[in-house]
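**Student:** Below is a structure I'd like to ask you about.
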Amino acid sequence: AQTVTQSQPEMSVQEAETVTLSCTYDTSESDYYLFWYKQPPSRQMILVIRQEAYKQQNATENRFSVNFQKAAKSFSLKISDSQLGDAAMYFCAGGGSNYKLTFGKGTLLTVNP
Amino acid sequence: GAGVSQTPSNKVTEKGKYVELRCDPISGHTALYWYRQSLGQGPEFLIYFQGTGAADDSGLPNDRFFAVRPEGSVSTLKIQRTERGDSAMYLCASSLSWKETQYFGPGTRLLVL
């Protein structure tokens, strides 16, 4: 079974600056994968980034990158050059052999102009 | 192509009534998932379909909840004798297969009065 913990209920960032959202997880599986999803006020859950546990290289998608620390079971999301459209609830999630995704409680990101 | 769609967007019903929530997955996706998201929480797994069969329904809270996917495409989540505690956002997701990335629909917000 997996557990996912997001310890920051809220974060704020100035437009154009960088912010890092934290996530820790626990799993007994060796083959698993991790995600960051974004849920704007419009409520559609949108995939931000995916990381396979077997890959040592950190995943990146344009302004979004992760810092995957497997030994520490840490999976943080870095957003560079923050934009107003990045404002949303961000969820960290994990999946493994049981295909279900386990989500954290989310971090509400505010972007200040 | 078109994403996951869900209808209705919002549903208001009275305690004790029966409701059906529909999910239309991305074309070609064999795996389909239902999650429930309470206010201020991350989504929680309800049920997973691989093709037409429910491969795992361990997340359904009780026997008032039932889901079908008769032709391996559209799925319907059915809730009998609704209770106020059933009020939540119901999210549907689909993926190419069980280990692939899950893509979410916009959700159905259910309110039981």
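**Student:** Dividing the convex hull volume of the Cα atoms of the protein assembly as shown by its residue count, what figure in Å³ per residue is obtained? Before the final figure, lay out the partial values.
**Tutor:** Working: hull volume 27.7 nm³, N = 226.
Considering the Cα atoms of the protein assembly as shown, their hull volume per residue is 123 Å³.
**Student:** Over the whole of A:45-53, what's the average partner chain Cβ count within 10 Å per residue? Rounded to a whole number, please. Write down the numbers at each step before the final one.
**Tutor:** Numbers: counts 14, 3, 4, 0, 0, 3, 0, 1, 0.
Partner-chain Cβ atoms within 10 Å, mean over residues of A:45-53: 3.
**Student:** Looking at the P(r) of chain B, how many percent of alpha-carbon pairs lie beyond 18 Å? Present the calculation step by step, with values, prior to reporting the outcome.
**Tutor:** On the way: 2743 of 6328 pairs.
I get 43 percent for the Cα pairs in chain B exceeding 18 Å.
**Student:** Right, something else. Within the set of other residues whose C-beta is less than 11 Å from the C-beta of residue A:27, count the net charge using Lys and Arg as +1 and Asp and Glu as -1.
**Tutor:** Working: positive: A:70, A:73; negative: A:26, A:29, A:31.
Once positives and negatives cancel, what remains is -1.
**Student:** Based on Cβ point charges of +1 for Lys and Arg and -1 for Asp and Glu, what charge dipole magnitude is obtained for the stretch B:48-104 about its Cα centre, in debye rounded to the nearest 20? If you can, show how the numbers build up before the last one.
**Tutor:** Numbers: 6 positive and 7 negative charges, 26 e Å.
That gives a dipole near 120 debye.
**Student:** Rank B:80, B:68, B:33 by how far each Cα sits towards the positive end of the charge dipole of the stretch B:1-105 (+1 on Lys, Arg Cβ; -1 on Asp, Glu Cβ) and give me just the farthest.
**Tutor:** Checked the options; the winner is B:80.
**Student:** Let me ask another. Do you know the relative contact order of chain A, to the nearest whole percent, from alpha carbon pairs under 8 angstrom that are 6+ apart? Please list the in-between numbers first.
**Tutor:** Working: 277 pairs, mean separation 43.2, N = 113.
Across chain A, relative contact order equals 38 percent.
**Student:** Averaged across B:91-98, how many Cβ atoms of other chains sit within 10 Å of each residue's Cβ atom? Numbers along the way, then the final one.
**Tutor:** Details: counts 4, 0, 3, 0, 2, 0, 1, 5.
The shielding value for this peptide is 2.
**Student:** I would also like to ask the following. I'd like the Kirkwood hydrodynamic radius of chain A, using the inverse of the mean 1/r over distinct C-alpha pairs, in Å. Present the calculation step by step, with values, prior to reporting the outcome.
**Tutor:** On the way: mean 1/r = 0.0711 Å⁻¹.
Taking every pair of different Cα atoms in chain A, averaging 1/r and inverting gives 14.1 Å.
**Student:** If you don't mind, another one. What is the distance, in nm, between label points placed 7 Å from the Cα along the Cα-to-Cβ direction at residue A:70 and at residue A:47?
**Tutor:** In this crude label model, residue A:70 to residue A:47 measures out at 2.1 nm.
**Student:** Most exposed first by the Cβ proxy, i.e. fewest other Cβ within 10 Å, how do A:30, B:94 rank? Before the final figure, lay out the partial values.
**Tutor:** Working: A:30 9, B:94 25.
Ranking A:30, B:94 by Cβ neighbours within 10 Å, fewest first, gives A:30, B:94.
Laboratory data are not the source of any read-out in this text; all were calculated from the coordinates shown. From a predicted model like this one, the values you see are computed outputs, not experimental measurements. As a convention, Cβ positions derive from the backbone with ideal geometry for all residues, glycine included, and neighbour counts pool all protein chains shown.
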